[in-house]
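S.K.: My structure is below; once you've seen it, I'll send some questions.
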Amino acid sequence: MASPRIRRLPAVVLATVGLLAAGHIGATLAYTGPDTPVRAALQPALNRYFLGPLDQGWNLFAPGPYSQDEYMLVRACISEPEVCAGGAAAGAEFTEWRNVTAEESEAIENNIFANRESRQSKVVHGRLWPAAHRLPDDQQAMVAANHIDGEPVFGVDLYSEEAEEIFAPGQLNDLRTYQRLEEVAVGIATLYLQQEHGDAVSLVEVRMLREAVPAFEQRHDPPEEPAQQWTEIGWRPAAEFDDDVKAAWS
């Protein structure tokens, strides 16, 4: 009597594997496909799936392979926040811009075993850039503006009922996605700058740069000034971390 059950077992396993594979393929098509109402509704779940354990740089593949270098630059104001608000004329002290991606790249060069911490700013750049550029021009201007008092960048708490009344579901999802990524960028900027300036860091500013890679036919005579595109996050309060996080980062 045991043999029929034994024969049925492979069929159950194959069916389960087939369903999982079909679900993954369907999710991949939805995640990489065009914007549709269905994709907008599924986007939060798709983000958790693909931007979690299945972190993948989709731009490696056609039709949009990488054709530019990407850098994350950060700087800080190391005066009191109220002094920083007045700018240099009020005596505010600002650090130089720090290209943290270039610093991370030094640990990667000729090291195929470099760990993930050597690519953090690159990953943040790759996620924040498209999220920022999905926003309309007026909201991109809000992002580039300074918000040093901790007020909402878009004028409203995006997780409030008021936000749900103001924005359509798809637009609200885009804003929430951007906000989460901005918080990550500001957090990493804070940690990098606190390494150098300690608790004096009160405000941080972030810039994302895309610099065009010379075309193949120009490889021996590249342009002196490659084309550049910028995405800017204006001044924000430095992120707050407990001692355990700071110790782990250092």
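S.K.: Name the one entry in Ser79, Ser118 that is in a loop (DSSP other than H, G, I, E, B), of a type in the set (Ser, Thr, Tyr) and either surrounded by 14 or more Cβ atoms within 10 Å (Cβ to Cβ) or at pLDDT 95 or above (or both).
M.R.: None of the other options fit; the residue is Ser79.
S.K.: Kindly evaluate Glu232 against the criterion of being under 16 Å from the mean Cα position of the chain (by Cα) and outside any helix (DSSP H, G or I).
M.R.: yes
S.K.: Then there is this: From (1) modelled with pLDDT of 85 or more; (2) surrounded by fewer than 16 Cβ atoms within 10 Å (Cβ to Cβ), pick out the condition that doesn't hold for Arg98.
M.R.: Among (1) modelled with pLDDT of 85 or more; (2) surrounded by fewer than 16 Cβ atoms within 10 Å (Cβ to Cβ), Arg98 violates only (2).
S.K.: Can you confirm whether the range 177-187 contains a residue that is touching a His at 6+ places or on another chain (Cβ under 7 Å), assigned by TED's automatic domain parsing to the domain that holds Gly126 and in contact (Cβ under 8 Å) with a residue 24 or more places away in the chain?
M.R.: No, the range 177-187 has no match at all.
S.K.: Checking the structure you have, find out if any residue of the range 147-163 is part of a helix (DSSP H, G or I), in the same structural domain as Glu232 (by TED's automatic domain parsing), in contact (Cβ under 8 Å) with a residue 40 or more places away in the chain and among the aliphatic types (A, V, I, L, M).
M.R.: The answer is no, given that none of the residues of the range 147-163 is part of a helix (DSSP H, G or I), in the same structural domain as Glu232 (by TED's automatic domain parsing), in contact (Cβ under 8 Å) with a residue 40 or more places away in the chain and among the aliphatic types (A, V, I, L, M).
S.K.: Of all residues in the range 171-212, how many are farther than 13 Å from Thr95 by Cβ, small (Gly, Ala, Ser) and buried (at least 20 other Cβ atoms within 10 Å of the Cβ)?
M.R.: 1
S.K.: Please go through the range 188-208 and give me each residue that is among the acidic types (Asp, Glu) and touching a residue at least 12 places away in the same chain (Cβ under 8 Å), ordered by number.
M.R.: Those that are among the acidic types (Asp, Glu) and touching a residue at least 12 places away in the same chain (Cβ under 8 Å): Glu196, Glu205.
S.K.: Something else about it: Could you list, in sequence order, all residues of the range 22-46 that are closer than 12 Å to Asn173 by Cα and polar (S, T, N, Q)?
M.R.: If the condition is that a residue be closer than 12 Å to Asn173 by Cα and polar (S, T, N, Q), then Gln43 is the only one that fits.
S.K.: Within the range 1-54, can you find the residues that are at pLDDT below 60 and surrounded by 11 or more Cβ atoms within 10 Å (Cβ to Cβ)?
M.R.: Leu54
S.K.: Given the conditions (1) within 30 Å of Glu82 (Cβ to Cβ); (2) more than 16 Å from the chain's Cα centre (by Cα), which single one is not true for Ala212?
M.R.: It is condition (1) that Ala212 fails.
The values are calculated or read from the model by the stated rules, or taken from the named source; none is laboratory data. Every value quoted in this text rests on a predicted model; they were computed, and no experiment measured them. So basically every Cβ, Gly included, is an ideal-geometry build from the backbone, and we count neighbours across all protein chains shown.
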